[in-house]
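The values are calculated or read from the model by the stated rules, or taken from the named source; none is laboratory data. Computed from a predicted model, the values in this text were never measured in an experiment. Cβ placement follows ideal geometry from the backbone for every residue including glycine, while neighbour counts extend to all protein chains displayed. The protein model used for the area step is the full one, side chains on, heavy atoms only, and it has no ligands, DNA or RNA in it. Shrake-Rupley method; radii C 1.70, N 1.55, O 1.52, S 1.80 Å.
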Amino acid sequence: MGVSSYGAGPTDCGTVISNYNSPISSLSVTLPSTTAIAAGWSMGFVSDNGKTLTVQVNGTSGGQILMPGTRGAQSSLSLYGQNYELVRLEFDGSNFRLAAATPATASANGMFPATTTPSSSSAGCQTGQLVFDPDYLYACTAPNTWKRSAWSNF
């Protein structure tokens, strides 16, 4: 039987959960309390069947989800809303670290690579992101700071 929310526990270590059988268009997973698990606890999350999947920390002793780059500590993350997206989180003794993510999910959560050209020089980004279009190369040089350079023949 499918569920629309799931509370992960210590015995879920090493498992992967999918939103495929969720009776609605999404699945929300709450990570276990950090006092109930040991460092090294990990779990994977997969989106499938055209449904979204959100992972959030426990409201009590939940720690944070540490994201790469400049995003820092977050209380939740969402998988990109397409099929076969994957995220794996690992508990480090205090917080959950993003150990792996498919490229579309990484991009949807503000991690490299950027997939669309920035709408302004202050559009959201992480330092080091690059994106290009037929006219410009855009580089994120500081959090939420884009620079661009026009293409030229040489």
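Descriptive notes on the structure:
- Relative contact order for the chain, counting Cα pairs under 8 Å that sit 6 or more residues apart, in percent: 16
- Surface composition of the stretch 47-154: carbon and sulfur make up 50 percent of the accessible area, probe 1.4 Å.
- The stretch 1-42 and the stretch 90-105: distance between their alpha carbon centers, rounded to Å: 14
- Karplus 3J(HN,Hα) series, Hz, for the stretch 89-100 with 6.51 cos²θ - 1.76 cosθ + 1.60 (x for Gly, Pro): 10, 10, 7, 9, x, 9, 9, 9, 9, 6, 8, 7
- For the stretch 50-66, 3J(HN,Hα) per residue [Karplus equation, 6.51 cos²θ - 1.76 cosθ + 1.60, θ = phi - 60°, Hz, x = Gly/Pro]: x, 10, 8, 9, 10, 10, 10, 6, 5, x, 10, 6, x, x, 9, 9, 8
- Ala99 versus Cys13: modelled label distance in nm, points set 7 Å from Cα along the beta carbon direction: 1.1
- With K and R counted +1 and D and E -1, the other residues having a Cβ less than 10 Å from that of Arg97 yield a net charge of -1.
- Annotation: amide H-H contacts under 5 Å for Tyr6 (H modelled 1.01 Å from N, sequence separation of 5 or more, or interchain): Ser28, Val29, Thr30.
- Theoretical ellipticity at 222 nm over the chain - DSSP helices of four or more residues, -39500 (n - 2.57) apiece, nearest 500: -1000 deg cm²/dmol
- Sequence-distant residues sharing a close amide H with Glu85 (under 5 Å, placed H): Ser47
- Electrostatic bookkeeping for Leu130 treats Lys and Arg as +1 and Asp and Glu as -1; over the other residues with beta carbon under 14 Å from its beta carbon, the sum is +1.
- Per residue, the average separation of C-alpha pairs within less than 8 Å and at least 6 apart gives the stretch 73-154 a relative contact order of 18 percent.
- Segment Ile24-Val3, extension gain: residue separation times 0.36 nm, minus the distance between their alpha carbons: 6.7 nm
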